[in-house]
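Enquirer: There's a structure below that I have some questions on.
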Amino acid sequence: MSYPKDIFSRMYSRDNEAQLLYPKDESPCIGEETQYEELVQTNLFNVMLNRRSQRKFENKAVEDRKIEMILAAADTAPTAGGFQGFEIFHVKNPEIKIKLVDAANKQPYVNAPLVLVFCMNSERVKMNFPPDILKKFSLQDATLAAAYSQLAAHALGLSSIWIGMINEDKVMKALGTNLVPATILCLGYPQKMLQPKPKRSLIELIHTI
């Protein structure tokens, strides 16, 4: 794993194939080249407009290069003071996934092809504020990172579901950490791409004072 700029650079350059984090013996196929070209041209506003939560995933693994980009997107999220007061647990162990299903009110889709748990780490936030404020900062940091990952996943042709109904103690026990979870993000290839639901009118949503 490397820095976001190293991972994202693969979308823009073909000159350093030997330096890819996951080099292949054979030359990239046309499909892969086209995929990166499409990604480069992705319109952020279209991604936000068309993203939709998905609870049914194909039984198909998510490619390592896409996982890297999703995690790199999380690493670019804005955080309090730039201290990045959060940690991400990439859950691969099937037994831990089952424990997370139980910790998430037995929602079966938590056992997804790709499971990321975003936890708060207020100790990273080196700012002179009371502990409750630092905890709030780390919650916001983890939430923003998860949201960036969710948008990146959609841009990569994946779908996701945000899990907020969780038993924090059970999640912490399953992960073997003392860090409090903010959310579980479950991702994968959708069985069917759903249409986005209607949103509130901006006239109703925005309050000008």
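FYI, it's all coordinate maths here, none of it is from the lab. Only a predicted model underlies this, so the values are computations on that prediction, with no experimental measurement involved. Here the Cβ positions follow ideal geometry from the backbone for every residue, glycine too, while neighbour counts run over all protein chains shown.
Enquirer: Of all the C-alpha pairs in segment 43-193, what % are more than 24 Å from each other? Before the final figure, lay out the partial values.
Expert: On the way: 3456 of 11325 pairs.
Here the tail beyond 24 Å accounts for 31 percent of pairs.
Enquirer: For the ranges 109-119, 199-209, what's the packing order if you count other beta-carbon atoms within 10 Å of each residue, average per peptide, and put the highest first?
Expert: The peptides rank, most packed first, as 109-119, 199-209.
Enquirer: In whole Å, how far is the Cα centre of segment 122-198 from that of segment 59-98?
Expert: That distance is 9 Å.
Enquirer: Tell me the net charge near residue 117. Cut-off is 13 Å between Cβ atoms, residue 117 excluded, with +1 for each Lys or Arg and -1 for each Asp or Glu.
Expert: With Lys, Arg at +1 and Asp, Glu at -1, the net is +3.
Enquirer: Bin width 5 Å, origin at 0, all Cα-Cα pairs of segment 112-177: what percent of pairs per bin?
Expert: 3, 14, 21, 23, 18, 12, 6, 2, 0
Enquirer: I would also like to ask the following. Tally Lys/Arg at +1 and Asp/Glu at -1 over every other residue whose Cβ is under 10 Å from the Cβ of residue 180; what's the total?
Expert: -1
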